[in-house]
Amino acid sequence: MPEQKKQDDIQLLEQLVDAQKKIRKELGKVIVGQDTIIDNLIITLLCRGHCLLVGVPGLAKTLMISSLARALDLSFSRIQFTPDLMPSDIIGTEVIDEDQQSGRRNFRFVKGPVFANIILADEINRTPPKTQSALLEAMQEHAVTVQGDTMHLEEPFFVLATQNPIEQEGTYPLPEAQLDRFMFNLWIGYPSREEEVEIVRRTTGSEDVIPSKIIDAGEMKSLQSLVRRIPAADDVVTYAVDLVRKTRPDEADSPDYIKEWIKWGAGPRASQYLILGAKARAALDGRYVPSKDDVRAVAMLVLRHRIVTTFAAEAEGVFAPDIIKRITGDSV
């Protein structure tokens, strides 16, 4: 039976590699470039995580996510976060229904946009913390509670939140507890000249391309379970944990530059995401065992939003990505 299970997992692994190639091809019909971003979104989804995407407006973030939802045959909701957005606008609200014959009135819950497989929380930092927190339970528990009743969200459930890095007026910075819920922090940059020429050529014509379905929700859940079953060697797990512990200034063996530049380091959730991300990255490459290189490859995405730098670091022009590069370089 274990041998049969292993053969089934190998077959699933081959299916995953093939699916990734097809998803890239389908999204390439509507998205120019951004292969790395797309791969990292797939990794996040395979790990049952959530993603914080930082980029200026106009870089096709919404189109990318909605196209990914179509390719995976998953339901998609877009929530535009604004200062007047209320928690009920996300979760849903109860309304009164009146029976025309009996005249009786009953409460009926109308589901909000959070009841979808893929949620795009656009400019999440533009709404007050009370509304931001409405997503916390959904992100962590994959459920929402209304009037004491808990309703589970349909799996797979994935939250992609966006932030605009160039405009901070009228925004509410995400609390560290909520930032920690995001597996990856992805920075999306401007396209190259050739890519921008192709973008303009495609988007100013009359052709409207819709990605084809590659896999469905059931297959995605099977692939998510496969990633969890992939084994990680003890030395790889230890490496990931040591990498995270190096970001903590109160550790006895932390380097002097960590004590000087970091106020708060990453918590245990970062170690978990490093291993999960390494497993998913290995699986997408057709490998059944992750390596230290896989851990290093996802370290920047996992750690940069979990590190709080000191005033001394800011004064010296040192930022979280600079520190992470030095940590991973020291750990090679």
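The values are calculated or read from the model by the stated rules, or taken from the named source; none is laboratory data. What you are looking at is a predicted structure, and each value in this text was computed from that prediction instead of being measured. Ideal geometry is used to build each Cβ from the backbone, glycine not excepted, and the neighbour counts take in all protein chains shown.
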Inset, instruction - For Y288, state whether it is aromatic (F, W, Y) and either farther than 30 Å from A69 by Cβ or in a helix (DSSP H, G or I) (or both). - result: no
Inset, instruction - Kindly provide the set of residues from segment 210-251 that are over 19 Å from A313 (Cβ atoms), touching a Pro at 6+ places or on another chain (Cβ under 9 Å) and surrounded by 13 or more Cβ atoms within 10 Å (Cβ to Cβ), ordered by number. - result: A217, M220, K221, Q224, I230, A232, V236, V241
Legend entry - Checking A143 against (1) in contact with a His (Cβ under 8 Å, 6 or more places away or on another chain); (2) surrounded by 21 or more Cβ atoms within 10 Å (Cβ to Cβ), the condition it does not meet: (2)
Inset, instruction - Report, by residue number, each residue of segment 33-51 that is touching a residue at least 40 places away in the same chain (Cβ under 8 Å) and either β-branched (V, I, T) or not assigned by TED's automatic domain parsing to the domain that holds W187 (or both). - result: I37, I42, I43, T44
Legend entry - Given (1) assigned to a strand (DSSP E or B); (2) under 21 Å from P175 (Cα atoms), index of the condition R78 fails: (2)
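Within segment 252-266, can you find the residues that are among the small types (G, A, S) and either closer than 23 Å to I42 by Cα or surrounded by 15 or more Cβ atoms within 10 Å (Cβ to Cβ) (or both)? Before you say what the answer is, go through the steps one by one.
Let us first name the residues in segment 252-266 that are among the small types (G, A, S), namely 252, 254, 265-266.
The answer is S254, G265, A266.
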Inset, instruction - Hey, could you check segment 95-121 for residues that are part of a loop (DSSP other than H, G, I, E, B) and over 16 Å from L160 (Cα atoms) and say which is modelled with the highest pLDDT? - result: G112
Legend entry - Number of the exception - T44 against (1) more than 24 Å from L153 (Cα to Cα); (2) among the hydroxyl-bearing types (S, T, Y); (3) within 21 Å of the chain's Cα centre (by Cα): (1)
Legend entry - Pairs with Cβ under 7 Å, 6+ apart, first in segment 52-67 and within 18 Å of I42 (Cα to Cα) and touching a residue at least 40 places away in the same chain (Cβ under 8 Å), second assigned to a helix (DSSP H, G or I) and not acidic (D, E): L53/K61; S67/L27
Inset, instruction - With respect to P255, determine if the residue is in contact with a helix residue (DSSP H, G or I) (Cβ under 6 Å, 6 or more places away or on another chain) and more than 26 Å from R281 (Cα to Cα). - result: no
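Only one residue in V54, V30, V17 is farther than 29 Å from I124 by Cβ and assigned by TED's automatic domain parsing to the domain that holds I199, so which one is that?
V17
Yes/no matrix, rows are residues, columns are (1) modelled with pLDDT under 80; (2) surrounded by 16 or more Cβ atoms within 10 Å (Cβ to Cβ):
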{"site": "L135", "(1), (2)": "no, yes"}
{"site": "M139", "(1), (2)": "no, yes"}
{"site": "G148", "(1), (2)": "yes, no"}
{"site": "F157", "(1), (2)": "no, yes"}
{"site": "N164", "(1), (2)": "yes, no"}
{"site": "G170", "(1), (2)": "yes, no"}
{"site": "W187", "(1), (2)": "no, no"}
{"site": "S192", "(1), (2)": "no, no"}
{"site": "I199", "(1), (2)": "no, yes"}
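Yes/no per residue for (1) modelled with pLDDT of 90 or more; (2) over 17 Å from the mean Cα position of the chain (by Cα); (3) of a type in the set (D, E); (4) in the same structural domain as Q140 (by TED's automatic domain parsing):
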| position | (1), (2), (3), (4) |
| --- | --- |
| D235 | yes, yes, yes, no |
| V241 | yes, yes, no, no |
| S254 | no, yes, no, no |
| L303 | yes, no, no, no |
Inset, instruction - With the condition kept exactly as written, say whether any residue in segment 103-110 is surrounded by 13 or more Cβ atoms within 10 Å (Cβ to Cβ), more than 17 Å from the chain's Cα centre (by Cα) and in contact (Cβ under 8 Å) with a residue 24 or more places away in the chain. - result: yes
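What do you reckon, is L74 touching a His at 6+ places or on another chain (Cβ under 9 Å) and buried (at least 18 other Cβ atoms within 10 Å of the Cβ)?
Numbers: touching a His at 6+ places or on another chain (Cβ under 9 Å): no; buried (at least 18 other Cβ atoms within 10 Å of the Cβ): yes.
No.
This table checks each residue for (1) modelled with pLDDT of 80 or more; (2) part of a loop (DSSP other than H, G, I, E, B); (3) closer than 27 Å to E154 by Cα.
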| residue | (1), (2), (3) |
| --- | --- |
| K6 | no, no, no |
| L16 | yes, no, yes |
| A19 | yes, no, yes |
| I23 | yes, no, yes |
| T36 | yes, no, no |
| D39 | yes, no, yes |
| L52 | yes, no, yes |
| D73 | yes, yes, yes |
| L85 | yes, yes, yes |
